[in-house]
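Heads up, the thing below is written out as structure tokens.
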Amino acid sequence: MAEEKNNSGYTIMVVEDNEDVAYLLKFMLSREGFNVLSAEDGRQAMALLVGEEPPDLVLLDIMIPYVNGFQL
């Protein structure tokens with residue numbers, strides 16, 4: 001019998017400026033039960049990271065506008 005996945009307590013932030021890649025990642029992660037935050041650039045990501053509860057994992061593109069992945 002297949003083991004049921006319970007990822008609903010975990011939040012993953014996707015920082016990706018390519019709309020197609022971001023959509024695919026968000027779709028796959030949501031389907032697996034994760035809470036997903038997303039940002040299109042370094043400024044948006046920084047604002048989300050400073051929020052009340054940080055994500056459990058960040059999937060970060062290095063070459064993003066304004067504040068690149070290394071700076072972030």
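What list of ³J(HN,Hα) couplings, whole Hz, do you get for the range 67-72 from phi and the Karplus terms 6.51, -1.76, 1.60, once you set θ to phi - 60° and write x for glycine and proline?
Running phi through 6.51 cos²θ - 1.76 cosθ + 1.60 with θ = phi - 60° gives 10, 6, x, 5, 5, 5 Hz.
Let me know the Rg and Dmax you get for the chain when you use only its Cα atoms, in Å.
Answer for the chain, Rg first and Dmax second: 13.0, 48 Å.
With a 1.4 Å probe and all protein chains left in place, how much accessible area per residue does the chain have, in Å²?
75 Å²
Rounded to a whole number, what % of the accessible area of the chain do carbon and sulfur atoms account for, probe 1.4 Å?
That fraction is 53 percent.
Determine the dipole magnitude for the chain: charges of +1 sit on the beta-carbon of Lys and Arg, -1 on that of Asp and Glu, nothing else is charged, the reference point is the Cα centre, and the result goes in debye to the nearest 20.
Magnitude of the dipole: close to 40 debye.
To the nearest 0.05, what FRET efficiency results for V21 and V50 with a Förster distance of 30 Å applied to their C-beta separation?
Efficiency, rounded to the nearest 0.05: 0.80.
On a 0 to 90 degree scale, rounded to 10, what angle separates helix 19-31 from the longest Cα axis of the chain?
The angle comes out near 30 degrees.
Please compute the length gained on full extension between N7 and S30, using 0.36 nm multiplied by the number of residues separating them and subtracting their Cα-Cα distance.
Taking 0.36 nm per residue and subtracting the Cα distance, the gain is 7.3 nm.
The values are calculated or read from the model by the stated rules, or taken from the named source; none is laboratory data. All values derive from a computational prediction rather than experimental measurement. Reconstructed Cβ throughout: ideal geometry from the backbone, glycine too, with neighbour counts over all protein chains shown. These area figures cover heavy atoms from the full protein model, side chains too; ligands, DNA and RNA do not enter into them. Shrake-Rupley method; radii C 1.70, N 1.55, O 1.52, S 1.80 Å.
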